[in-house]
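The values are calculated or read from the model by the stated rules, or taken from the named source; none is laboratory data. This is a predicted model, so every value here is computed, not measured. Glycine also receives a Cβ, built like all others from the backbone with ideal geometry; neighbour counts cover every protein chain displayed.
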Amino acid sequence: MNKLAIINGKLADPAGQSLGNGVVLIEGDRIAATGDIPVPEDAQRIDAAGLVVAPGLVDLGVFATDKPAFHFGGITRAALMPDQSLPLDEAGLIRQATRAGKPDFWVHPIAAATRGLKGTELAEIGMMQAAGARAVGTGRQWIADSGVMMRVLAYASGLGLTVITHAEDGGLAGKAVATSGETATRLGLPHAPACAEAMAIARDIMLARVTGAAIHFRLVTTGAGFDLIRAAKAEGLKVSCGISPAYLFLADNAVTDFRTFARLSPPLRSEDDRKASIAAVADGTVDVITSSHDPRGPEDKRLPFADASPGMAGAETLLALSLNLVRDGHVSLNRLMTLLSGNPAKILGVNAGSFASGSAADLIFIDPDAPWIVDSEKMAAQAGNTPFDRMPVQGRARRIMKGGVFL
């Protein structure tokens, strides 16, 4: 079996407390050992030259597979949302999606909870799990029918799958494109109160309590929402939540001048909620940071704000923007890798995102201080719809390895 030894790197182990010098020993496509260990004589040595060596990013909830963007951003595994041109609601579509990234990255499809993502009739979740689905998702929609949602949770729980849900009460959110507040009122945009999120979370937590299901709220963006997540965790429920960098570093005033690149779902929140999101990352309430990668071309974005499609191209900026949390002292680099790799892998039930023996040898070499400027016109993604256009950032993946092979 081929042996590789990565030397002279700083190891950002999600299970560790701080960066440490050490060796990563790889046998075949798996990690054999890490830390202060001897290098076998028959191992090929790879000099990391002082770069940070970390598990490849596991992006929990992308809307498109995008090889150039994933490679630039250090993403080795992506959980694909069921919201596709043909919703991922049957085994054949799941099987096809699992092959979409080969041989360049791993794709883990999220099975649609209901047929056509319409929120009325359960999809064949068990058959989709057998075809390769790693979780069940409601997509961009909240399932309004509580009876249907309870059956989804109960069925997924019996199969050992986590339900990934959208946290916005559809009755309140309706066709809103912004959060109620000064900015939305001044611009005359259809808006909904931020409590739409907390109301959705509260109901789904109650149903998770009854069914014993594991539930992951893909994007939580308000202080009220985080309070509910904290209480559910303290109760011992199987509840987790995620966020994307847009909600950590932008508030609703970013849509001023009708900037459609800042048209997101859920919409950007108030400055107070943005600060609450940072606090939730710092205190451990947030489990996952995701790119929510959703590249949209001019036909979707260069429209009146209310008509533009929500979404942003986030894969390339995920790592660089998240590193701001380390520089600002909110989390350690090791903790950041838990948010970007370790926890998403656990939710998906894949043996990756860690340095544990037997874990997949999906690694990235990070230069955390490398400066660059986000440029929507030069992004590697299928489209450059980023609200961070022209922002200077630091940090990027210099090398990327999948299954013990450099890409």
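So the values come out like this:
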{"read-out": "The listed residue being farther than 24 Å from Ala112 by Cβ, modelled with pLDDT of 95 or more, not hydroxyl-bearing (Ser, Thr, Tyr) and not in a strand (DSSP E or B), out of Ala54, Ala49, Ala64", "value": "Ala49"}
{"read-out": "Residue, nearest to Asp169 (Cα to Cα), within the range 208-226, restricted to residues that are among the hydrophobic types (A, V, I, L, M, F, W, C) and surrounded by fewer than 20 Cβ atoms within 10 Å (Cβ to Cβ)", "value": "Ala224"}
{"read-out": "Filtered residues of the range 206-226 (kept if over 21 Å from the mean Cα position of the chain (by Cα) and either assigned to a loop (DSSP other than H, G, I, E, B) or of a type in the set (Asp, Glu) (or both))", "value": "Gly212"}
{"read-out": "Selection count, the range 255-266, where residues are part of a loop (DSSP other than H, G, I, E, B) and among the polar types (S, T, N, Q)", "value": "1"}
{"read-out": "Number of positions in the range 265-297 that are touching a residue at least 60 places away in the same chain (Cβ under 8 Å) and either in contact with a His (Cβ under 7 Å, 6 or more places away or on another chain) or of a type outside the set (S, T, N, Q) (or both)", "value": "14"}
{"read-out": "Failed criterion for Ala156 (all others in (1) of a type outside the set (Asp, Glu); (2) buried (at least 19 other Cβ atoms within 10 Å of the Cβ); (3) part of a loop (DSSP other than H, G, I, E, B) hold)", "value": "(3)"}
{"read-out": "Counted residues, the range 1-36 - those being under 15 Å from Leu363 (Cα atoms), among the hydroxyl-bearing types (Ser, Thr, Tyr) and part of a loop (DSSP other than H, G, I, E, B)", "value": "0"}
{"read-out": "Scope the range 348-377; condition aliphatic (A, V, I, L, M), under 20 Å from Val58 (Cβ atoms) and either free of Cβ contacts under 8 Å to residues at least 24 places away in the same chain or surrounded by 22 or more Cβ atoms within 10 Å (Cβ to Cβ) (or both); matching residues", "value": "Leu348, Ala352, Ala360, Ala361, Leu363, Ile364, Ile366"}
{"read-out": "Restricting the range 3-20 to residues that are within 28 Å of the chain's Cα centre (by Cα) and surrounded by fewer than 18 Cβ atoms within 10 Å (Cβ to Cβ), the residue that is nearest to Asn343 (Cα to Cα)", "value": "Ala15"}
{"read-out": "Wholly within the range 267-381, helices (runs of 4 or more DSSP H) carrying at least 2 residues that are within 23 Å of Ile229 (Cα to Cα)", "value": "271-282, 318-327, 333-337, 343-348"}
{"read-out": "Subset of the range 140-179 [touching a Ser or Thr at 6+ places or on another chain (Cβ under 6 Å) and either aliphatic (A, V, I, L, M) or under 18 Å from Thr211 (Cα atoms) (or both)]", "value": "Leu153, Ala154, Ser157, Thr165"}
{"read-out": "Looking only at the range 278-303, and only at residues there that are among the small types (Gly, Ala, Ser) and surrounded by fewer than 23 Cβ atoms within 10 Å (Cβ to Cβ), the one that is nearest to Glu377 (Cα to Cα)", "value": "Gly297"}
{"read-out": "Filtered residue count, the range 182-205, keeping only those that are assigned to a loop (DSSP other than H, G, I, E, B) and either surrounded by fewer than 19 Cβ atoms within 10 Å (Cβ to Cβ) or of a type in the set (Val, Ile, Thr) (or both)", "value": "3"}
{"read-out": "Residue, surrounded by the most Cβ atoms within 10 Å (Cβ to Cβ), within the range 37-46, restricted to residues that are assigned to a loop (DSSP other than H, G, I, E, B) and not charged (D, E, K, R)", "value": "Ala43"}
